[in-house]
Amino acid sequence: MAGPLQAQLPWHSAVRDRDGNLWLGTYGQGLWRLSPDQQLEEIPLTTTQPGHVFELTEDREGNVWAATMQGAYRLRDSDFLQFGQPEGLADPVFVVTQSPVDDAIWAGSEGSGLFRLGRDGDIRQLGTEQGLSNINVSALLVDPDNTVWAGTFGGGLNRIASDGSISHFSVENKLPDNHVMGLTRSRDGRLWVAANGGLGYLDPGADVFERQHGLPETLLRQIMEDSRGALWIASNSGLIRLQNGESTLWDSSDGLGSSLVSTTYEDADGVLWIGSREAGLARLEGDRLFQYGLQHGLPQLSVLAILEDDQDTLWMSGADGLVSVPRAELNAVARSEADQVRAQLYDETDGLRSAQFLGGFQPAGWRARDGTLWFGSNRGLVAVDPTGFEPAAPVPRPLIEQVRVNGEVIAPAQPLQLPADAHTLEVDYTVPRLGNPEAIRFRYQLEGFDRDWQDVAGRRTAYFTGLTPGKTTLHIAAHLKDSAFDPTRLEQQVSLEIYREPYWYQTWWFLLLACAVVGLALLAIYRFIRHRAGLRERRLELLVGRRTRELQIALSRVEEISRIDSLTGVANRRFLDENLDKAWSQCAAKQVPVSVIMLDLDFFKQYNDSTGHQAGDDCLRRVAESLQAGVLREGDLIARYGGEEFIALLPGADSAAALAGAQRIHSRIGALRIPHPDSPVSDFVSVSVGVATAWPGSAPGTPDLLMQRADRALYAAKSGGRDRVSVWEQGRSSGYGAPD
Ligand SMILES: Nc1nc2c(ncn2[C@@H]2O[C@H](COP(=O)(O)OP(=O)(O)OP(=O)(O)O)[C@@H](O)[C@H]2O)c(=O)[nH]1
């Protein structure tokens with residue numbers, strides 16, 4: 001420390017910062033800084049009060065903090081050297097270059113003429129009073145002999161000799177136009193001038209400009225000679241290459257994003273970089289043109305000056321700030337090896353007085369011999385020392401400052417317990433970073449709520465409504481505004497576990513219960529339906545059974561009806577016919593005889609006539625009853641054969657048995673003693689009976705033949721006098737029991 005300093009300053013506090021500066025806080029005499037090269041300067045504090053500095057400290061980001069009566073001051077060196085009006089220069093600066101002889105920086109301003117910044121910090125201004133043709137200096141060139149060429153906007157070209165004398169060139173010296181935009185000296189010694197509407201050149205030693213023909217009629221801005229000797233001219237109609245007197249134009253039809261080309265730069269590999277006012281950066285390698293845009297990671301689309309530092313990083317000034325991007329990354333994108341570059345954008349939040357740089361004139365930026373990069377901006381000259389450029393301090397983990405539920409502040413516990421009626425949740429967070437808080441960007445994501453990270457830029461509150469009950473986690477991440485957000489960088493994230501109580505109807509046990517109740521109800525409904533279906537089935541079965549039985553009864557009734565004679569109740573003729581055939585075959589099988597008794601009421605016509613038809617029916621019924629009742633053996637069949645004629649079928653009965661049966665029948669009917677007043681043979685109803693017997697198993701014959709024989713025997717009984725029994729015999733029928 002300098003000895004006298006102690007005596008001069010009543011210092012009260014001190015701190016040595018990371019750059020070796022000693023900061024001294026005094027009582028009543030403000031804040032002072034002693035640089036490592038022993039330069040002492042007062043650091044102005046914006047206070048009207050006497051400068052009492054009680055305490056000094058440096059934070060981990062390199063900010064120096066001074067505690068004063070009026071509060072705390074944060075003091076921080078800008079990463080940029082700036083020369084504007086406060087430093088004795090002018091705003092705005094169009095062009096900047098450096099003398100190759102004395103390293104002085106020359107700057108051309110709009111409205112304030114030309115400035116020279118000497119290495120000793122001396123600033124000299126040249127205006128019309130010093131002989132400059134115009135105070136809008138729009139093009140600059142310093143020759144190796146320290147001759148300065150200053151093109152102006154409207155006042156032609158000034159040549160400032162090393163002795164300070166100024167001479168003018170204008171359209172009178174065949175300058176293409178008095179609005180000069182670009183200046184360069186090609187390797188053959190020619191001075192080229194790009195002007196509004198044309199290109200001209202001044203050969204060494206000549207006093208009159210020559211016009212370069214064959215170029216498009218447009219606003220020409222900058223001229224650059226590349227390593228192969230071709231001239232490249234940035235213009236408002238595209239990029240023009242002039243080689244061997246021939247011009248070639250690249251414009252938007254060739255893939256350039258915009259035809260408003262503002263600048264060009266050739267890198268060490270011979271690749272041409274093209275800046276445009278509105279469409280970003282393009283890269284031309286041979287014939288291959290690649291246009292970069294925002295999608296490739298460029299933070300802005302205006303590129304007004306392109307410079308390169310020793311680390312092969314391109315620095316580009318634009319309307320929204322200064323961008324740095326490694327050239328290798330740009331190459332990788334152009335070769336499809338990467339999608340995006342990692343670009344840094346510097347603007348007011350990084351300490352720039354204005355982020356609006358100026359371009360279109362030559363040179364809009366200049367790389368000084370010490371590697372410093374100079375740019376013209378709206379607020380003066382900006383110098384960047386890329387080597388001393390500190391990378392941005394890493395962004396620390398965000399901090400949760402406050403949590404509000406339904407507008408009420410609650411303690412931010414882990415996990416955060418929220419009541420069931422938590423309708424709104426607000427979480428305030430920040431990053432404990434003391435320098436440039438605007439450079440921090442935030443994102444957050446609520447698990448199960450946000451599908452992706454929400455980009456909330458600089459907002460430091462997360463707001464949620466309609467939180468679902470149960471557990472979730474809020475993740476909050478911070479990153480620098482220029483660097484791409486990387487969700488895997490957990491060291492830049494903080495997480496807050498949240499548990500929202502469910503309402504009783506949202507609890508698991510209630511849901512379980514509800515499920516069980518619904519399940520049981522469904523089961524009950526199912527069983528009820530099944531029970532009903534079973535009942536109906538059984539009822540149907542019963543019904544079907546009953547109907548079946550009824551049907552069977554009806555059927556058997558029909559069957560019975562079909563075999564019973566309705567008047568007398570004995571079998572009818574159809575049934576007899578069926579049974580006759582059956583009895584015939586059975587008797588044949590058993591080798592037994594079969595007999596038929598055929599009987600007919602005598603003079604029944606007369607009976608009907610004398611007693612009436614009803615009495616005739618009754619008579620027939622009584623005869624049938626008598627036949628049915630015990631006259632025959634089991635297996636015998638009585639049938640009404642037709643009218644007043646009956647048949648008795650006697651399987652197994654031989655002729656003797658049949659005759660005996662016939663006689664029994666005859667006697668029983670006679671014994672009924674039914675009066676027959678008109679019968680010539682008896683006073684009572686009588687019958688004539690014919691009997692026939694056959695041996696189906698041993699003698700030839702048929703049932704029909706048996707019936708015919710019985711009929712013939714009956715006929716014999718009738719013709720024999722009636723009221724008698726007649727047996728069929730071969731050749732004749734014999735009569736028995738006829739009344740004499
Ligand atoms: N009341 C009544 N009469 C019947 C029935 N079937 C037939 N007859 C009558 O029986 C009579 C049969 O008459 P005929 O064939 O001439 O014989 P018949 O008078 O008995 O004289 P013979 O047989 O020669 O003794 C007819 O008058 C029929 O109308 C019946 O079901 N009911």
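See the values below:
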{"quantity": "Check on residue 572, more than 19 Å from residue 673 (Cα to Cα), within 16 Å of the ligand (Cβ to nearest atom) and open to solvent by less than 40 Å² (accessible area, probe 1.4 Å)", "calculated": "yes"}
{"quantity": "Filtered residue count, segment 604-650, keeping only those that are more than 9 Å from the ligand (Cβ to nearest atom), over 30 Å from residue 593 (Cα atoms) and either assigned to a loop (DSSP other than H, G, I, E, B) or of a type in the set (Val, Ile, Thr) (or both)", "calculated": "0"}
{"quantity": "Options 734, 688, 679; residue that is assigned to a loop (DSSP other than H, G, I, E, B) and either more than 60 Å from the chain's Cα centre (by Cα) or at pLDDT below 95 (or both)", "calculated": "679"}
{"quantity": "First in segment 247-273 and assigned by TED's automatic domain parsing to the domain that holds residue 214 and closer than 18 Å to residue 217 by Cβ, second anywhere and open to solvent by 20 Å² or more (accessible area, probe 1.4 Å) and part of a strand (DSSP E or B), Cβ under 6 Å, 6 or more apart", "calculated": "248/241"}
{"quantity": "Some residue of segment 521-543 being within 30 Å of residue 350 (Cβ to Cβ) and not polar (S, T, N, Q)", "calculated": "no"}
{"quantity": "Residues (away from the ligand (no atom under 16 Å from the Cβ) and either out of contact with any helix residue (DSSP H, G or I) (no Cβ under 9 Å at 6 or more places or on another chain) or aromatic (Phe, Trp, Tyr) (or both)) located in segment 580-603", "calculated": "582, 584, 585, 586, 587, 588, 589, 590, 591"}
{"quantity": "Entirely in segment 210-291, the strands (runs of 3 or more DSSP E) that have 2 or more residues that are out of contact with any helix residue (DSSP H, G or I) (no Cβ under 9 Å at 6 or more places or on another chain) and open to solvent by 20 Å² or more (accessible area, probe 1.4 Å)", "calculated": "210-212, 220-225, 238-243, 246-250, 261-266"}
{"quantity": "Residue list for segment 474-496, restricted to those being surrounded by 15 or more Cβ atoms within 10 Å (Cβ to Cβ), outside any loop (DSSP other than H, G, I, E, B) and of a type outside the set (Gly, Ala, Ser)", "calculated": "474, 475, 476, 479, 480, 492, 493, 494, 496"}
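The values are calculated or read from the model by the stated rules, or taken from the named source; none is laboratory data. Since the structure is predicted, the reported quantities are computational estimates derived from the model, not experimental observations. Note that each Cβ is placed from the backbone with ideal geometry, even for glycine, and that neighbours are counted across all protein chains shown. The protein model used for the area step is the full one, side chains on, heavy atoms only, and it has no ligands, DNA or RNA in it. Shrake-Rupley method; radii C 1.70, N 1.55, O 1.52, S 1.80 Å.
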